[in-house]
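Accompanying notes for the structure given below.
Read-outs throughout are calculated quantities, based only on the coordinates presented, and are distinct from any laboratory measurement. Not measured: the values here are computed from a predicted model. With ideal geometry, Cβ positions are generated from the backbone for all residues, glycine too; neighbour counts draw on all protein chains shown.
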Amino acid sequence: MLKAVNKLGLVFFPAFDWAISPTHPEREERLLYTLDQVQEEGVADIEGVRFYNPSVAEKKDIERVHFCVPDISSLVTESHMVSAGGAITAARAVMEGEVRKAFAVVRPPGHHAHRVIYGDRGFCIINVEAVMLEYVRRTYGPRRVVIVDTDCHHGDGTQDIYWNDRDTLFISIHQDGRTLYPGTGFPEEFGGPGAFGYTINIPLPPQTGEEGFLYVIENLVLPIIKDYSPDLIVNSAGQDNHYTDPITNMNFTAQGYAKMTQRLNPDIAVLEGGYSIEGALPYVNLGIILALAGLDYSHVKEPDYDPEKIRQPDWIAEYLKRLCEEIYRRWVSKEDAAKKMFEGKDRVVRKKRIYYDTIAVMEEQEETIKVCPACSGLITIKSECDLGYSILAVTIPRDACARCIDEGHRAYRTADPGDYSGIYLQDKVNDEYCAKI
Amino acid sequence: MIIGLDVGGTHIDAVLLRGGHVLEVVKIPYNPSTILEGICEVINKLTQKRDLSRIERVNLSTTISTNAVLEGRTSPVGMILESGPGVDPSFVACGKENFFLDGYIDHRGHEVAPFREALVHEASRRFKEKGISAVGVVTKFSVRNPSHEIRVKELLDGDFYPVTMGHALSGKLNFPRRVFTAYLNSAVYERFTSFASAIRRAFEDMGIKAPINVLKADGGTMSLKQAISLPVHTILSGPAASVMGCCILSPASEDAVIMDVGGTTTDISFLAGGVPLLEKQGIRIGAYPTLVRAIFSFSIALGGDSAVKVADGRVVIGPRREGPPAALGGPEPTPSDAMIVKGLLDFGSRERAYLAMKELGFVLKMEPEVVAEIILEKMGDMIKNAVDGLLMELNSRPVYTVRELLYGKRIEPREVRIIGGPAKALAPVIERKLKIPCVVPDNYQAANAIGAALSRTTAEITLIADTARGYITVPELGIRQKIDGSFTLKRARSMALKLVEERAAILGASPEDIEAEIIEESCFNMVRGFYTVGKNIRVKAQVKPGLTGYGGEGREIDAEGRK
Ligand SMILES: [Zn+2]
Ligand SMILES: [Zn+2]
Ligand SMILES: [Zn+2]
């Protein structure tokens, strides 16, 4: 019988009774054929592969990451709590040493969910990786973590949440934002004053194939991870780079995904997007599972796999070579660049317009990050949206100094409820969350 | 009158029933190499001076296939396999010869590529050269579309016997298990067939003309005639016989634990709402995980004859048996000796048992009675730990819907049924440890034979309808038919019920025993682009394990019958 080289935990939860709407890509059918393939391959009988049912995330877990407007119960369904709980279950299995690696094949996805949430955005409401990661830090102590987002869409929500956190290096590889939702994720987006350089965006041209992806992993992502030397590697394992995906334009394959997984060697992988439910997902997920378990994946191929047909255009290799050099140069010189950008400033203000495609709502946000010599800096967000909400949200970061903690609590206390529909405080030092609605 | 027989590893248990009365109980030791003689001897003892023509049926739980596998006395098998893309298939090779075909059928039963028929001719030639007559044919996703398996069988053109096709054995997805199940079915075919014809002849010679049924591992029966083509399903039916016996002797309507405490092992099973809980996928036979539907049963290495030792000042029971209990002249103290000292069991020499406890007490600096007490407590703790662990495992079986995850039924036993030699002695301990009532059924010594006698025929079928492609598939029956786009879940349900009823009848069920039910169903909208193109409907139906008539007048077991 087969025996896994790496003990692997699988949280396989297809949520067969949940859909955004009957014909939406996020519908009941999404993981049906993937489960068929996993069952037919006898994955559950592989020695060292252990299946887990997801646990259900708690309000507390969500509050460590998000400001839900007006509140959690108005936005978040049981399905979202189960998806986030599934990621937590996967992480727990690894952290408790029950398995070497874990893969949460859960839905709905999460990487488009920002810190402030008004509703569904890019099929996401709760950022499941962030909820998982903050659970890990709260339960098992501080960790330096890399999140590598290999979904075809820019992981803008994860970027937003970890924008100013140098203990979380966020690397997103995605189809160029000029050609795909959400339209962000350029190399210039590089992190806030407390973590400049710890957000890395790698936009790839449409039709990038196996060769290009693996080139970027080998020549840019792995060297950066090596420099950073994390305690934990998390992979946001979206599968919509596949050549058959209906909503993207890439040429990636199941073999490619398996090879990429093997090279990235993540501790925890969490499914994100991927909507070619018959032609890609059964094979891509199987490839990732085998790669994580350290087993032979060379026979995992799509039935219509033809490397010639999906070879990337010739110019892409040269383009990626220059792109990787440029981004690596930025990474190496991030400290100098940060000095130039932030020296002498006492705060950095970002204005953002965030569009909620699923519910057709526009949010206007102003985020102020204090430039603090003693910590990564207090974050204050003023946000309003078409739904009539106008909020003040204060985040005291995990590493906050005494002054920033005080300042944060004062800002929450003294804010005039008459000026806002809601005032929120997230104190990550004391693991507290308060709201005045 | 009904005869129930359970041929175990060392003994044959048998009962003769009439109208719910146990007329005779017989237990004899036998030699597995002369199993037929053993069976005949038991029947003679059971039926002496009775009119054999009044026997209505003989139900038999036999180890013939199990032993063949465990002892390696099986026929050489040629396997023809088709794995397509996926996990490296080399590990499923299990026959004497294995041929891999180059076609592929995908998860929806769509033929991605045909296989080259020349490969089958080549396999056929090689099998003949090697003198192989038994063949197994298994293709990936054959339960979604059996056409490749069926075509291979046609190409083999009747030159081989048997040719087991994977889809006929189970409707479940799991290619490696399907391969092993088909392999085992072909491997034990010859031994089972010769046993079946020998037993039929022997019964005729004795004047028994009643139908003969064989017990399956899921606690159901099938006719001997049907069993010949599906012998793999008769494997490991012993524990199922005991569980069914418990259900008969002491029916429960809620969740319960069933324990069979033997000499060296304790088997643990569960009832969910009074019905035996089944293995999720299928039973494991030797090195092979299979798709053989079976009652869930877990063995722990703890029994009346387990050796008791003292290590680091503490009592350790098992996992080995070093011989019979000290009371019967065995080399080591055993739990049975402890029970004898406590006055809960009565066999062998009480002095010897007492001495054995005294020896342990010498090391532990305790009185022999106290040692005996500690051994019983320890045994109770070990069983409780095992039950708790199993419940945790069973209650975390994978689920796939939010509803099931949050509100799904959990198994929470309200009572225990315990059988086996030390059952009476252990019951109070178990009751105290598990904090639920623990019942020792009357006639528990014959539970296995009674279970065999009164179990009814079971059947299961899987129906998959894909209205976008316009097909339904029922693998267990080899059905693949066209349907129109208007096919609904409702129609799938009624069709599945009808088919499983027919199936049960073919397997030998009497009409009044056929209670079909739907056990799983789902219906997915299939959307391509932004349009719904069809429905993917999946329904599983079964005739669950249960009891049949008691033989002769009346179907209700009466107070007398329980004695
Ligand atoms: Zn990405
Ligand atoms: Zn995506
Ligand atoms: Zn500070």
Problem set entry | Rg in Å to one decimal, and Dmax rounded to a whole Å, for region B:77-187 via C-alpha atoms | 12.4, 37
Seminar exercise, completed: Within region B:298-364, DSSP-loop chymotrypsin sites (Phe, Trp or Tyr not before Pro) with at most 16 other C-beta atoms within 10 Å are B:PHE347
Exercise. Tell me, what ³J(HN,Hα) does each residue in region B:249-254 have, in order and in whole Hz, if you take phi through Karplus 6.51 cos²θ - 1.76 cosθ + 1.60 with θ = phi - 60° and put x for Gly and Pro?
Worked result: 6, 8, x, 10, 10, 10
Exercise. Hey, got the average number of other protein chain Cβ atoms within 10 angstrom for residues in A:278-288?
Worked result: 2
Problem set entry | Calculated SAXS-style log₁₀ I(q)/I(0) at q = 0.08, 0.10, 0.12, 0.13 Å⁻¹ - chain B, Debye, Cα scatterers | -0.60, -0.90, -1.21, -1.34
Exercise. Taking Cα atoms, how many degrees apart are the long axis of helix B:489-507 and the longest axis of chain B, rounded to 10 and kept between 0 and 90?
Worked result: 60
Problem set entry | Distance in nm between pseudo-label sites at B:VAL399 and B:THR264 (7 Å out along the Cβ direction from Cα) | 4.0
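Given only helices, namely DSSP H runs of n ≥ 4 each adding -39500 (n - 2.57), what is the per-residue ellipticity at 222 nm of chain B, to the nearest 500 deg cm²/dmol?
Details: 14 runs with 185 residues, N = 563.
Taking each H run of at least 4 residues, the total per residue is -10500 deg cm²/dmol.
If you take each beta carbon of peptide A:30-39 and count the beta carbons of other chains within 10 angstrom, what is the mean? Don't jump to the answer; show the numbers that get you there.
Numbers: counts 2, 1, 8, 5, 1, 4, 9, 8, 2, 7.
Whole-number average of other-chain Cβ neighbours for A:30-39 is 5.
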For this session: Using DSSP to define loop residues, name the trypsin sites (Lys or Arg not before Pro) in region B:420-484 whose beta-carbon has at most 11 other beta-carbon atoms within 10 Å.
Result: B:LYS435
Problem set entry | Cα centroid separation - region B:1-80 against region A:218-265, whole Å | 60
Exercise. Dipole of the protein assembly as shown (Lys/Arg Cβ +1, Asp/Glu Cβ -1, origin at the Cα centre): which of B:LEU344, A:SER55, B:ILE208 lies farthest to the positive side?
Worked result: B:ILE208
Exercise. How high is the FRET efficiency from B:ASP102 to A:ARG413, r the C-beta distance, R0 56 Å, rounded to 0.05?
Worked result: 0.15
Problem set entry | Protection proxy ranking of A:370-377, B:206-213, B:63-70, B:447-454 - average other beta-carbon atoms within 10 Å, highest first | B:447-454, B:63-70, A:370-377, B:206-213
Problem set entry | DSSP-defined antiparallel bridges as percent of all bridges, chain A, nearest 5 | 40
Seminar exercise, completed: Computed on Cα atoms, the radius of gyration and Dmax of the protein assembly as shown in angstrom are 32.9, 110
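Quick one: if the Förster radius is 60 Å, what FRET efficiency do A:GLU58 and B:ASN44 give, using the C-beta to C-beta distance and rounding to 0.05?
Details: r = 68 Å, r/R0 = 1.13.
With R0 = 60 Å, the Cβ-Cβ based efficiency is 0.30.
What is the Å³ per residue value for the convex hull set by the Cα atoms of chain A?
Details: hull volume 55.2 nm³, N = 437.
Per-residue hull volume (Cα only) is 126 Å³.
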For this session: Count the net charge of all other residues whose Cβ sits under 14 Å from the Cβ of A:GLU218, scoring Lys and Arg as +1 and Asp and Glu as -1.
Result: +1
For this session: Note down the nm distance, to one decimal, between modelled labels 7 Å out along Cα→Cβ at B:LYS280 and at A:TYR140.
Result: 2.3
For this session: Specify the residue with the greatest mean-square fluctuation among A:LYS340, A:LYS382, A:LYS59, computed from a Gaussian network of chain A linking alpha-carbon atoms under 10 Å apart.
Result: A:LYS340
Exercise. So for the pair A:ARG350, B:LYS409, with labels modelled 7 Å out along Cα→Cβ, what separation do we get in nm?
Worked result: 5.2
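Take peptides B:304-313, A:356-365, A:411-420 and line them up by average Cβ neighbours within 10 Å, highest first, as a rough protection proxy.
Values: B:304-313: 17.9, A:356-365: 16.0, A:411-420: 12.7.
The peptides rank, most packed first, as B:304-313, A:356-365, A:411-420.
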For this session: Find, among the trypsin sites (Lys or Arg not before Pro) in region A:191-264, those assigned to loop by DSSP (not H, G, I, E, B) with at most 16 other beta-carbon atoms within 10 angstrom.
Result: none
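Could you compute the FRET efficiency for B:GLN226 and A:ASP304, with r as their C-beta to C-beta distance and R0 at 51 Å, rounded to 0.05? Display every interim value, and only then the final one.
Details: r = 42 Å, r/R0 = 0.82.
According to the calculation, E is roughly 0.75.
Just tell me how shielded B:523-530 is by partners: mean number of partner chain Cβ atoms within 10 Å of each residue's Cβ, no decimals.
Working: counts 1, 7, 6, 5, 10, 4, 2, 4.
What the average comes to for B:523-530 is 5.
Taking a quarter of the surface of the convex hull around the Cα atoms of region A:183-328, what do you get in nm²? Walk me through the numbers on the way to the answer.
Numbers: hull surface 36.5 nm².
That works out to 9.1 nm².
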For this session: Can you tell me the alpha carbon radius of gyration of region B:459-543 divided by the globular rule-of-thumb value 2.2 N^0.38 Å?
Result: 1.16
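For region B:251-440, give me the percentage of DSSP beta bridges that are antiparallel, rounded to the nearest 5 percent.
On the way: 19 of 26 bridges.
DSSP beta bridges in region B:251-440 are roughly 75 percent antiparallel.
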For this session: Take the Cα of B:GLU351, step 7 Å along the line toward its Cβ, and report every residue of region B:368-387 whose backbone nitrogen sits under 19 Å from that point.
Result: B:368-369
Exercise. Can you pull out the cysteines in chain A that have no other Cys Cβ under 4.7 Å?
Worked result: A:CYS68, A:CYS124, A:CYS152, A:CYS324, A:CYS372, A:CYS385, A:CYS404, A:CYS434
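Which order do peptides B:167-179, A:94-106, B:218-230 fall in by mean Cβ count within 10 Å, highest first?
Numbers: B:167-179: 25.8, A:94-106: 21.1, B:218-230: 22.8.
Put in order of decreasing packing, that is B:167-179, B:218-230, A:94-106.
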Exercise. Anyone know which of A:ILE369, A:ILE277, A:ILE247 comes out most mobile in the 10 Å Cα GNM of chain A?
Worked result: A:ILE247
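Taking each pair of distinct Cα atoms in region A:344-436 once, what is the resulting Kirkwood hydrodynamic radius in Å?
Numbers: mean 1/r = 0.0719 Å⁻¹.
Roughly 13.9 Å, rounded to one decimal.
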Exercise. Based on DSSP, what percent of beta bridges with both residues in the protein assembly as shown are antiparallel, to the nearest 5?
Worked result: 55
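Out of every Cα-Cα pair in region B:251-440, what percent are more than 21 Å apart? Mind showing how you got there, number by number?
Numbers: 9642 of 17955 pairs.
Tail of the P(r) past 21 Å holds 54 percent of the pairs.
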Problem set entry | region A:137-192 versus region A:13-38: alpha-carbon centroid distance in Å | 26
